[in-house]
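Below: one structure, written as structure tokens.
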Amino acid sequence: DLSLTGRAQYNSNVTMTDEATATRRGVEREDVIFSPAVNVDISVPTGAVSLMLNGIVGYDFYSRKSNLSRERIDLNGGVAGSVAFCAVAVNGGFARRQTELTNLDLLIANGEQAVKNVETIKRIGAVFGCGAPIGFRPFGLIQYEDSRNSADLRRGQNVESITYGGGVEYNQPSIGTI
């Protein structure tokens, strides 16, 4: 499934300040944001292997505060299949966007907003379970994620994480996996 979307949004306080502060700084509080995007949701079973891709690729255009205009990407993909008596899935993702303005302190440099912070997130992971296709079987998972900020003031919130775990699942075609 592939679709094109568009949105126009009026924001009466994009600067996230009171009127007196905006006047003192010489900035306008309101803006109109145009946001075209392509949405994708594709799953392709190819015999013993399934491929998938889903997410969104778009751009936010600010009509007055063009320094806030930024790409908006959030894509996830993966491949799943069986190897001998084990089911294996490998997935990855990439996201890139302007940090939500409500999460930023607005700084002014030379009368202009200096709130540009692009957050980039990369992730890769795997899930595997071995055993009979019906009944109980053990599974394990691992995921690595790296989140980076472009603004110096936000670099302290950069994160690298590894998540891992495991358990026992129950598979039954009539009800799915529990």
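Below are the figures for this structure:
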| read-out | value |
| --- | --- |
| Members of region 164-178 that are open to solvent by less than 80 Å² (accessible area, probe 1.4 Å) and within 14 Å of PHE139 (Cα to Cα) | GLY165, GLY166, GLY167, GLU169, TYR170, ASN171 |
| Complete set of residues in region 76-95 that are touching a Lys or Arg at 6+ places or on another chain (Cβ under 8 Å) and open to solvent by 70 Å² or more (accessible area, probe 1.4 Å) | PHE94 |
| Flag if ARG96 is closer than 21 Å to VAL118 by Cα, out of contact with any helix residue (DSSP H, G or I) (no Cβ under 7 Å at 6 or more places or on another chain) and modelled with pLDDT under 95 | no |
| Region 63-75, subset open to solvent by 70 Å² or more (accessible area, probe 1.4 Å) and in contact with a strand residue (DSSP E or B) (Cβ under 6 Å, 6 or more places away or on another chain), residue modelled with the highest pLDDT | SER63 |
| Qualifying residue in region 14-23 (condition: at pLDDT below 95 and of a type in the set (D, E, K, R)) | yes |
| In region 12-33, residue surrounded by the fewest Cβ atoms within 10 Å (Cβ to Cβ) [restricted to those that are free of Cβ contacts under 8 Å to residues at least 24 places away in the same chain and farther than 23 Å from ARG72 by Cβ] | ALA20 |
| ALA151 vs. criteria farther than 30 Å from SER66 by Cα, aliphatic (A, V, I, L, M), open to solvent by less than 80 Å² (accessible area, probe 1.4 Å) and modelled with pLDDT under 95 | no |
| Residue list for region 45-62, restricted to those being open to solvent by 60 Å² or more (accessible area, probe 1.4 Å) and among the β-branched types (Val, Ile, Thr) | THR46, VAL57 |
| Any hit, region 132-145, residues being open to solvent by less than 50 Å² (accessible area, probe 1.4 Å) and modelled with pLDDT of 90 or more | yes |
| Evaluation of VAL44 against (1) under 25 Å from VAL118 (Cβ atoms); (2) part of a strand (DSSP E or B); (3) free of Cβ contacts under 8 Å to residues at least 24 places away in the same chain (one fails), failing number | (1) |
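The values are calculated or read from the model by the stated rules, or taken from the named source; none is laboratory data. Quick caveat: nothing in here was measured; it's all calculated off a predicted structure. Virtual Cβ from ideal backbone geometry, glycine too; neighbours counted across all protein chains shown. Side chains are part of the model used for accessible areas, which takes the heavy atoms of the whole protein and leaves out ligands, DNA and RNA. Shrake-Rupley method; radii C 1.70, N 1.55, O 1.52, S 1.80 Å.
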